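**Student:** Sharing a structure below in structure tokens format, with a few things to ask.
Laboratory data are not the source of any read-out in this text; all were calculated from the coordinates shown. Source: prediction; values computed, not measured. Here the Cβ is made from the backbone with ideal geometry for all residues, glycine too, and neighbour counts use every protein chain on show.
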Amino acid sequence: MATNLTIFVNDTSDTGLNQDYATVPGNYVDVDLTLDTLIWTAGSTTVADGQPSPSIEALNDASAVIRASFDTEISKCFLDDYSTGLLDEILGAGSSDDRYVFCFSFDGATATEPTLEAWDDSDHDSTDLHVLGAGTPADTWVRAIRTTDVTPGASWSGLPISGVTYKLNLNGGGGALPPLASGETSQEEYANIKITIPSSYATPGAETPVIVCRYSWM
């Protein structure tokens with residue numbers, strides 16, 4: 001029997017970001033893996049929480065300004081929720097010291113350790129996008145950190161994710177997820193994700209990488 005994965009984002013703030021899915025499931029919104037998207041942006045009056053899904057022109061207007069002397073972290077992350085047609089800001093995403101932001105919920109055991117990876121597209125075989133290092137995965141702008149056990153710390157660095165070499169082990173390197181304990185209906189792993197653009201990067205653009213949780217089941 002296949003083990004199913006549901007991905008949630010925590011769209012609350014303050015104390016809600018310190019409460020896991022099992023304790024307060026109402027703090028979490030499930031992500032439609034076919035229709036929903038995540039948007040990292042500097043934000044604007046039209047690209048903001050509760051606003052309609054933005055046009056390309058609106059996203060261009062809300063793009064981050066790249067600095068010459070220091071790297072630029074993208075300050076905001078939104079779930080573009082297809083079911084509502086509205087943006088839902090994920091306030092804990094990024095370098096804030098928040099533990100329960102991106103939730104990966106499994107309804108059974110896995111045969112391999114789940115990993116968080118980033119690719120150009122759903123073929124999962126290339127990392128040529130600028131945001132993924134333009135063919136050099138070590139230069140990826142996407143970094144992630146596992147937060148299942150502890151908060152990540154202020155201004156955390158995390159691990160680069162790009163392709164199969166640079167990936168985040170969602171069980172902390174502990175291997176496959178075990179069978180559910182008696183009475184459990186799911187088990188959760190947590191992570192945070194941020195995107196940082198190198199200083200003076202010469203190529204602007206809007207890109208659509210695929211962030212994937214990869215695992216196999218028994």
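**Student:** From the Cα gyration tensor of the chain, with a ≥ b ≥ c the square roots of its eigenvalues, which class applies: rounded if a/c is under 1.5, or else prolate if a/b is larger than b/c, or else oblate?
**Tutor:** It is prolate, given that a/c is not under 1.5 and a/b is the larger ratio.
**Student:** With springs connecting C-alpha atoms under 10 Å apart, model the chain as a Gaussian network and identify which of Gly183, Gly172, Gly16 has the largest mean-square fluctuation.
**Tutor:** Ranking Gly183, Gly172, Gly16 by mean-square fluctuation puts Gly183 first.
**Student:** Please rank Ser75, Ser155, Ser69, fewest neighbouring Cβ atoms within 10 Å first, as an exposure proxy.
**Tutor:** Placing the least packed residue first, the sequence is Ser69, Ser155, Ser75.
**Student:** Go from 0 up to the bin containing the longest alpha carbon distance in region 62-154, width 5 Å each, and give me the % of pairs per bin.
**Tutor:** 3, 10, 13, 19, 23, 21, 10, 2, 1, 0
**Student:** Now a separate question. Which of His124, His130 has the fewest other C-beta atoms within 10 Å, and how do the rest follow up to the most?
**Tutor:** His124, His130
**Student:** Something else now. How large is the convex hull of the C-alpha atoms of region 158-210 per residue, in Å³?
**Tutor:** 129
**Student:** In addition: With n ≥ 4 as the cut-off for DSSP H runs, can you work out [θ] at 222 nm for the chain, using -39500 (n - 2.57) per run divided by the number of residues, rounded to the nearest 500?
**Tutor:** -500 deg cm²/dmol
**Student:** Over all Cα pairs of region 17-85, how is the pair count split among 5 Å bins, expressed in % and running from 0 up to the last occupied bin?
**Tutor:** Percent of pairs per bin, in order: 3, 14, 20, 19, 18, 12, 8, 4, 1.
**Student:** What is the fewest-to-most order of Arg99, Arg143, Arg67, Arg214 by other Cβ atoms lying within 10 Å of their Cβ?
**Tutor:** With the fewest neighbours first, Arg99, Arg143, Arg67, Arg214 line up as Arg67, Arg214, Arg99, Arg143.
**Student:** Rounding to the nearest 20 debye, state how big the charge dipole of the chain is about its Cα centre with +1 on each Lys and Arg Cβ and -1 on each Asp and Glu Cβ.
**Tutor:** Roughly 560 debye, rounded to the nearest 20.
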